[in-house]
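Q: Questions regarding the structure given below will be posed in turn.
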Amino acid sequence: MLKVYNTLTRKKEDFIPIHDKSVYMYSCGPTVYSYAHIGNLRTYIFMDLLRRVMKYDGYKLKGVMNITDVGHLLDDADDGEDKLQKAAREQKKSPWEIAEFYTDVFFRDLAALNINKPEIIAKATDHIQEMIQFVEKLEEKGYAYEISDGVYFDISKFPSYGKLSGQTVDEKEAGARIEENSEKRHPADFALWKKADKNHIMQWPSPWGQGYPGWHIECSAMSRKYLGEVFDLHTGGIDAVPVHHENEIAQNEALAGKQTVNYWMHGEFMMVDGGKMSKSLGNVYTIAQLEEKGYSPLDFRFFCLNAHYRKKLNFTFDGLTAAKTSRERISASLYSHKSSDAATDKAVLENYKNQFTEAINDDINIPLALGILFNMLKEPKSKDIYALALDFDKVFGLSFDKISAPETKIGQENDYPQEIAELIEKRKQAKKDKNFALADEIRSEIARLGYSVLDTREGVKVTKIQ
Ligand code: AMP
Ligand code: ZN
């Protein structure tokens with residue numbers, strides 16, 4: 001039985017979908033005004049792991065992810081310029097071109113990270129009519145009011161406002177940097193529709209004149225359209241809880257008159273060098289930048305898999321290098337299991353499979369599942385172990401099916417069995433770890449098996465002892 005931590009109830013709960021073996025889920029997607037950074041991508045890796053676990057459990061998925069290409073303003077409190085319009089102005093392009101360019105880059109990042117795209121990708125600008133109708137209905141029901149710069153949600157009409165973050169409206173008001181707009185009935189009322197002046201490039205006709213949607217209404221209108229009034233699960237990054245998701249809840253529940261999402265799940269933040277990622281500190285990295293530094297996107301995925309999704313993860317290049325090395329060792333080990341003709345006892349395999357299933361179903365405990373994989377790889381070499389690792393990889397998404405012989409730099413004397421290759425990898429790691437006693441021990445073992453090892457400037461030379 002899958003258990004997940006529900007932000008709404010602050011408890012780990014049994015996951016019981018509405019439609020038997022199908023899961024209807026919505027995931028907040030990117031605002032496509034710039035490259036996704038590794039923090040954003042951590043959130044999508046979390047979404048992907050969750051989806052993979054559900055598929056592993058036999059669920060069918062109907063997942064929706066939005067692409068925000070309008071309405072996300074510089075300030076979450078409905079102020080400032082539209083992020084896309086600003087990027088368009090700076091790059092002397094149209095907002096449509098900006099959106100198309102960064103959407104393509106985003107999809108390429110997802111593919112490089114083995115993140116499977118949700119079944120439905122919904123662009124905000126393709127759903128303007130649904131948003132207008134949503135706002136009209138809120139207005140009819142008395143939850144919305146029009147002022148000179150737009151239509152706003154009246155939070156005083158929605159007494160449970162703040163239930164996801166546990167913040168009362170008063171606390172929110174005290175802590176917020178919500179700009180005073182004297183026409184608003186309450187400072188925390190938020191924009192459903194903004195009126196546009198002629199300088200605003202993206203704008204559409206509406207019952208309130210020319211304008212564009214608020215950011216939060218996008219997710220509400222699109223989730224309702226594709227998943228229905230009430231659906232199972234909603235995911236996003238933890239930063240979306242206090243504003244974006246509170247507002248989504250207010251909109252959907254005001255319209256439906258009941259709770260509309262059963263489980264809310266949020267991925268924790270990625271920090272860099274122990275602090276916040278920020279452009280001014282120059283520590284906002286993209287996948288392309290990691291690749292330039294010699295890391296594969298899957299090294300980054302593996303790095304993320306080592307931390308539970310509800311724990312903050314501190315990104316450092318040392319950490320990423322350790323992940324890369326560890327992944328190389330896994331590949332070497334998998335390769336030697338793959339190359340073996342031996343079999344493993346059924347009961348042993350079953351035991352690992354059970355442990356793995358238990359770990360992933362316990363609120364997506366991927367670090368624990370990786371630990372189980374490591375233990376399993378220590379078993380005597382066998383093709384069955386490789387087959388089970390491939391099965392686990394349906395969740396890990398680390399391309400275990402594409403592993404090749406471990407890379408070891410050697411001279412011409414590179415003709416040696418897999419067993420030796422693995423020992424060489426182990427020795428390489430021991431030396432990296434400055435465990436020279438172990439490195440020497442491994443060298444002796446290699447010698448016992450009939451090979452000599454020589455460290456040269458070009459790499460390790462392995463020669464068969466005649
Ligand atoms: P955005 O494109 O700005 O709308 O953000 C896309 C997603 O990335 C959202 O779900 C955010 O919650 C998430 N996000 C932003 N910064 C970080 C971070 N440092 N670590 C993890 N997730 C983040
Ligand atoms: Zn959203």
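Q: Which ordering of Leu281, Leu49 is given by a fewest-first count of other beta-carbon atoms within 10 Å? It would help to have the intermediate numbers written out before the result.
A: Numbers: Leu281 11, Leu49 23.
Ranked by crowding around the Cβ, least crowded first: Leu281, Leu49.
Q: Suppose we keep just the DSSP beta bridges with both residues in the chain; what percent of those would be antiparallel, to 5?
A: Details: 26 of 50 bridges.
If I count the DSSP bridges inside the chain, around 50 percent turn out antiparallel.
Q: For q = 0.14, 0.15, 0.17 Å⁻¹, what log10 I(q)/I(0) does the range 37-172 give under the Debye formula with an equal point scatterer on each alpha carbon and no solvent?
A: Summing over Cα pairs of the range 37-172 leads to -0.97, -1.08, -1.23.
Q: Based on a Kirkwood Rh over C-alpha pairs, give the Stokes-Einstein translational diffusion coefficient of the range 287-381 at 25 °C and viscosity 0.890 mPa s in µm²/s.
A: Values: Rh = 14.9 Å.
D, rounded to a whole number, is 165 µm²/s.
Q: Using alpha-carbon positions, what is the distance between the centroids of the range 249-265 and the range 1-43, in Å?
A: 15
Q: What is the Cα centroid distance between the range 434-466 and the range 52-122, reported in whole angstrom?
A: 50
Q: Once amide H atoms are placed 1.01 Å from N in the peptide plane, what residues at a sequence separation of 5 or more from Gly214, or on another chain, have their amide H within under 5 Å of its amide H?
A: Trp193, Lys194
Q: From the phi of every residue in the range 51-67, what ³J(HN,Hα) in whole Hz does the Karplus formula 6.51 cos²θ - 1.76 cosθ + 1.60 yield, where θ is phi - 60° and glycine or proline is x?
A: 5, 5, 4, 5, 5, 4, 6, x, 7, 8, 10, 10, x, 10, 10, 8, 10
Q: Here is a further query. Under a Cβ-only charge scheme (Lys and Arg +1, Asp and Glu -1), can you give me the dipole magnitude of the range 79-178 about the Cα centre, in debye to the nearest 20?
A: Working: 14 positive and 20 negative charges, 69 e Å.
Approximately 340 debye in magnitude.
Q: Let me ask something else about it. Within the set Lys55/Lys402; Lys92/Lys312; Lys312/Lys402; Lys93/Lys198, which residue pairs have Cα atoms separated by over 26 Å? Don't skip to the answer; put the middle values down first.
A: Details: Lys55/Lys402 21 Å; Lys92/Lys312 37 Å; Lys312/Lys402 30 Å; Lys93/Lys198 17 Å.
Where the Cα-Cα span goes over 26 Å, the pairs concerned are Lys92/Lys312; Lys312/Lys402.
Q: Something else now. From Cα pairs below 8 angstrom and at least 6 apart in sequence, can you work out the relative contact order of the range 418-464, rounded to a whole percent? Numbers along the way, then the final one.
A: On the way: 35 pairs, mean separation 11.2, N = 47.
That works out to 24 percent.
Q: Using a Förster distance of 51 angstrom, determine the FRET efficiency expected from the C-beta separation of Glu350 and Ser165, and round it to 0.05.
A: On the way: r = 43 Å, r/R0 = 0.85.
Computed FRET efficiency for Glu350 and Ser165: 0.75.
Q: Per the Debye formula with a single identical scatterer at each Cα and no solvent contribution, what log10 I(q)/I(0) holds for the range 418-464 at q = 0.14, 0.22 Å⁻¹?
A: Each listed q corresponds, in turn, to -0.28, -0.71.
Q: Sticking with this structure for a sec: What translational D, rounded to a whole number of µm²/s, comes out for the range 352-393 from Stokes-Einstein when the hydrodynamic radius is the Kirkwood one over Cα pairs, at 25 °C and 0.890 mPa s?
A: Numbers: Rh = 10.3 Å.
It diffuses with D of about 238 µm²/s by this estimate.
Q: Another one. Among all the lysines, which ones have a C-alpha under 26 Å from Lys141's C-alpha, if same-chain residues fewer than 8 places away are not counted?
A: Within the straight-line cut-off, Lys141 pairs with Lys157, Lys163, Lys172, Lys184, Lys194, Lys195, Lys225, Lys258.
Q: Continuing with the same structure: So what are the range 3-267's ellipsoid semi-axes, whole angstrom, largest first, if each one is the square root of 5 times an eigenvalue of the alpha-carbon gyration tensor?
A: Values: eigenvalues 156, 112, 54 Å².
Whole-Å semi-axes of the equivalent ellipsoid: 28, 24, 16.
Q: Which ordering of Phe400, Phe190 is given by a fewest-first count of other beta-carbon atoms within 10 Å?
A: Ordered by Cβ neighbours within 10 Å, fewest first: Phe400, Phe190.
Q: The chain: D in µm²/s via Stokes-Einstein (Kirkwood Rh, Cα pairs, 37 °C, 0.692 mPa s)?
A: Values: Rh = 24.8 Å.
The diffusion coefficient I find is 133 µm²/s.
Q: Amide H to amide H under 5 Å from Tyr26: which residues, 5+ apart in sequence or cross-chain, H placed 1.01 Å off N in plane?
A: Distant-sequence amide H within range of Tyr26: Val64, Leu233, His234, Thr235.
Q: While we're on this one: Below 8 Å between Cα atoms, with a sequence gap of 6+, how large is the relative contact order for the range 3-267 in percent? Don't jump to the answer; show the numbers that get you there.
A: On the way: 434 pairs, mean separation 65.1, N = 265.
For the range 3-267, the relative contact order is 25 percent.
Q: Fully extended, how many nm does the chain gain between Asn314 and Leu438 (0.36 nm per residue separation, minus their Cα-Cα distance)?
A: Values: separation 124, 0.36 × 124 = 44.64 nm, distance 3.01 nm.
Result: 41.6 nm gained on full extension.
Throughout, read-outs are computed from the coordinates displayed, never taken from laboratory work. Keep in mind the model is a prediction, meaning the values are calculated, not measured. Methodologically, a virtual Cβ is constructed for each residue, glycine included, from the backbone with ideal geometry; neighbour enumeration extends over all protein chains shown.
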